[in-house]
1. Along each principal axis of its Cα atoms, how long is the range 24-261 end to end? Whole angstroms, biggest number first, please.
2. Neighbour counts of other C-beta atoms within 10 Å: give me ASP209, ASP186 arranged from fewest to most.
3. For GLN79 and LEU231, FRET efficiency with R0 = 25 Å and r from the beta-carbon atoms, rounded to 0.05?
4. What nm value, rounded to one decimal, do you get for the distance between LYS56 and VAL106 when each label is placed 7 Å out toward the C-beta?
5. What Rg and what Dmax come out for the range 132-226 when only alpha-carbon atoms are used, in angstroms?
6. Be a star and scan the range 9-45 for residues whose amide nitrogen sits under 12 Å from the point 7 Å along the Cα-to-Cβ vector of ASP207.
7. With +1 assigned to the C-beta of every Lys and Arg and -1 to the C-beta of every Asp and Glu, and no other charges, what is the dipole magnitude of the range 24-261 about the Cα centre in debye, to the nearest 20?
8. Subtracting the Cα-Cα distance from 0.36 nm times the residue separation, let me have the gained length for LEU30 to SER219 in nm, one decimal.
Amino acid sequence: MPCTTRAAHPLITEDTGTQGAGRWQLEATLDHHRGHAPGLLTVSDERKLVLSYGLKDPLDLIVTVPHTRTRTDDTPAVQGRGDVEFAAKWRFFEQQGLSSGLRPGVTAATGDEDRGLGTGKTTASLFTIMTYDTAPWAFHLHLGRTDNRTVSDERRQINHYSLAVARKIGDRLQLVADISQETNPDKGSNTAIRSALFGAIYSVNKDFDIDLGYRYGLSDSAADDALLLGLAFRFCPPGDRFTAVHRLHWIGYIYPLATRRPDRSRMTGDRFPITAFRLEK
């Protein structure tokens, strides 16, 4: 089975595509945001490394490590690693081009909440995903909720809705569009965060994609605009499949690196424990 050629970035909306058993994908993304308030300009760069591994054909394990740099006018920039997410994507239904899946996730409190780089507590999310693939068109629906546990005074329940469409142009190019709405975590505002996105994904070959996108804020609570750039590398190991030991050993190495904090004494009960583990036969 060849590696799956679907890539989520620059879309906000997830699709139901998975890597396939024993296959890997590494994504490197950069989102450059600009937001204006009266007399105030905020510029933010969010970089992410996303590693996906196909535990089974319909089931992926995903680790996302973000790094953010934010600057407001002439104030010094604040930068550092954010909260690391551990997630899974399970496609449980597939028939005649229609497929459905679930994407549960847990975010560890690895960012420095005092500098605005994290929530300060472990959060959880659950999303349902639907894809209808009728080549050359594909349509994706993404609905869910995040339990926004944070040390800040923000809304606890964050709802997300988004819809995306993709159109293949030949064998290498996809044109994509996305529209989304999310609950504003700011309790002082009832204006939802709404945005629209247009972009393209170009497959250099079956294992390497380049994507570019532009997102525009549709509400005052959203960033004015954002330029999005991403790379996706897929690699298939030799042989049929990894053994059970190989399939999850990578978590034992990535987890302590991703969740390490400069001051470990601050890891209290609300934080994700720093523990490495391996799944043996």
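1. Each principal axis gives a Cα extent; for the range 24-261 these are 56, 40, 31 Å.
2. On the way: ASP209 23, ASP186 14.
The most exposed by this proxy come first: ASP186, ASP209.
3. Calculated value: 0.75.
4. So the label points at LYS56 and VAL106 sit 2.0 nm apart.
5. 16.3, 49
6. Correct set: 23-26.
7. Roughly 560 debye for the range 24-261.
8. Details: separation 189, 0.36 × 189 = 68.04 nm, distance 2.25 nm.
Using 0.36 nm per residue and subtracting the Cα-Cα distance, I get 65.8 nm.
Only the coordinates and a few stated rules stand behind these numbers; no lab work does. Since this is a predicted model, take the numbers as computed values, not measurements. All Cβ positions, glycine included, derive from the backbone under ideal geometry; neighbour counts span all protein chains shown.
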